[in-house]
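Chemist: Supplied in structure tokens, the structure appears directly below.
The values are calculated or read from the model by the stated rules, or taken from the named source; none is laboratory data. Source: prediction; values computed, not measured. Here the Cβ is made from the backbone with ideal geometry for all residues, glycine too, and neighbour counts use every protein chain on show.
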Amino acid sequence: MAANLPGPTCVNTTPSPSLESTAPAPESPAAITFESFGLAEPILRAVHELGYREPTPIQAQAIPVVMQGHDVMGAAQTGTGKTAGFALPILQRLLQHANPSASPARHPVRALILAPTRELADQIFVNVRDYARHTHLRSAVVFGGVDIAPQIAALRQGCEVLIATPGRLLDHLGQRTVTLAQAEILVLDEADRMLDMGFLPDIQRIINALPQRRQNLMFSATFSEDIRKLASSFLQRPISIEVARRNAAADTVEQVVYRVPDVDSKRAAVAQLVRERAISQVIVFTNTKIGASRLARQLERDGLIASAIHGDKSQQERLATLEGFKKGEVSVLVATDVAARGLDIAELPAVINYDLPYSPEDYVHRIGRTGRAGASGLALSLMTGNDERLHQDIEKLLKRKLEVRTLVLDRPVAAAEERSGHRPDDDDRPRRTRDDRGDRAGARSGDRRGPSPVAPPIDPFFLKPYEPVSTDTETAQQASEKAATASRGPIRPARRVAALLGGGPPKG
């Protein structure tokens, strides 16, 4: 049940008995500022230090509604500021519990924010920490793929705001390293992605561990029918906030689809587009982890500074790769959809769909990495004849036709080389023997080429032509063998030895 606490009067609405009602439009965009929300001075000071000047549409509509204590279903395009839309009012509501005590008991978990991926959880944590920098409110983040011990130590210090991925949170609940008995607010960010990743049972278990009286918020770029069914199971008369048409892409993003002859031509197409359009930084999305690693190596050979990120990378490797990309040390980040949600790269100029996604909703999230917060962006996609159905599904979701062009490759020989079976990255790999562990590991990871054939060692003796030995002539080897036998004396007949069972042979 929503906790209907007193709050600002800038929203004057009463939810209808139906599942959801719609938040009213703000009075006047020019009149809305962060000060008009009634946020406390410590939070406002942090907002201004972070460079925030005017609230985005989702922030303008969500902040006052959340501050009033209503349950919310918020839908907005990726990169429009959803995190601040729910984090700022949550911190405002929790300020009444802020205290400078060092005792962990004085800092119980009061707000739980669930995210589908490690990257998104870490990003939300950084934002919440920055917003609360001038308050005594504490925050912590827990996610899988890293050592759980430091997370346990952080939880023991206490935190009012906990950001978590579902699986790792259940680990902590099972080990009793965290309690949610005093949680007042639950946030599901990118809820549709959590359903896609199979987190529904985990979410239900977490909800069962929370107090029944709480405020529930769901924010996402898209809301499918499955998401609305989930919302009906635990949201109480929510306010629906949609600042853009469902499943829409930002109008500031230029979207172009390029036809290429075949799959083998895509690598050359990526390198050509990056150079022709003078793209300084780009995320290239693939559908497979093996394809991401291989493409990154090939683009390195083409002279681009590339790196790959996918689910098989350790958390430390993924964070290090992202940090290098954010600093500009890497110009091409080849990623699977593990990076399609939650990556916040300031002013990312472009994304390229090396593979069209199997789910059209993922296309919206991929291209949402560029053109964020009103900036212009570029979304390029590569399509072969086999991708027509995926292309049609995307257009059907967007309810618009995408511009399609035919890309003429400057280096068609590159595609021919790959069709012939020669892979440019193979020249850099040392040839390994049959018993090399690296080859076996490569075969297990999906490399079907197997170990390179290795010729057996050759004895030069067998390369000589056959020369028959005369029976009349005694060779030096035969003479030496006779001499050795003579030096050992006469050969005595072998003594009879009794058999193990049954004794020796009968006499006479």
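Chemist: Among Thr370, Thr336, Thr286, which is the only one that is touching an Asp or Glu at 6+ places or on another chain (Cβ under 6 Å) and among the β-branched types (Val, Ile, Thr)?
Modeler: Just a single option satisfies the conditions, and that option is Thr286.
Chemist: Sticking with this structure for a sec: List the number of the failed condition for Thr336; all other conditions in (1) touching a residue at least 60 places away in the same chain (Cβ under 8 Å); (2) touching a helix residue (DSSP H, G or I) at 6+ places or on another chain (Cβ under 8 Å) hold.
Modeler: Unmet condition: (1).
Chemist: Go through the residues of the range 226-240 one by one and say whether even a single one is assigned to a helix (DSSP H, G or I), touching a residue at least 24 places away in the same chain (Cβ under 8 Å) and acidic (Asp, Glu).
Modeler: Scanning the range 226-240, I find at least one residue that is assigned to a helix (DSSP H, G or I), touching a residue at least 24 places away in the same chain (Cβ under 8 Å) and acidic (Asp, Glu), so the answer is yes.
Chemist: Collect the residues in the range 70-104 that are assigned to a loop (DSSP other than H, G, I, E, B) and out of contact with any Pro (no Cβ under 8 Å at 6 or more places or on another chain), keeping them in residue-number order.
Modeler: Across the range 70-104, the qualifying residues are Gln77, Thr78, Gly79, Ala98, Asn99, Pro100, Ser101, Ala102, Ser103.
Chemist: While we're looking at this one, here's another question. Name the residues in the range 280-292 that are within 20 Å of Lys326 (Cβ to Cβ) and surrounded by fewer than 19 Cβ atoms within 10 Å (Cβ to Cβ), would you?
Modeler: Matches in the range 280-292: Ser280 only.
Chemist: Here's something else I'd like to know. Working only within the range 274-322, note down all residues that are farther than 23 Å from Tyr258 by Cβ and small (Gly, Ala, Ser).
Modeler: Correct list: Ser293, Ser307, Gly311, Ser314, Ala320.
Chemist: Looking at this structure, is Arg213 assigned to a loop (DSSP other than H, G, I, E, B), within 14 Å of Val109 (Cβ to Cβ) and basic (Lys, Arg)?
Modeler: no
Conditions (1) over 22 Å from Phe219 (Cα atoms); (2) under 27 Å from the mean Cα position of the chain (by Cα); (3) at pLDDT below 95, marked per residue:
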residue	(1), (2), (3)
Ala98	yes, no, no
Ala102	yes, no, yes
Arg110	no, no, no
Ile113	no, yes, no
Glu119	no, yes, yes
Phe125	no, yes, no
Ile163	no, yes, no
His172	yes, yes, no
Thr177	yes, yes, no
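Chemist: Could you run through the range 129-164 and say how many residues are of a type outside the set (A, V, I, L, M, F, W, C), over 27 Å from Ala40 (Cβ atoms) and assigned to a helix (DSSP H, G or I)?
Modeler: Total satisfying the criteria: 3.
Chemist: Out of Asp410, Asp435, Asp393, Asp355, report the one residue that is at pLDDT 85 or above and in a loop (DSSP other than H, G, I, E, B).
Modeler: Asp355
Chemist: If I ask for residues that are in a loop (DSSP other than H, G, I, E, B) and either of a type in the set (A, V, I, L, M, F, W, C) or surrounded by fewer than 21 Cβ atoms within 10 Å (Cβ to Cβ) (or both), which ones from the range 111-128 would you list?
Modeler: Selection gives Ala115 alone.
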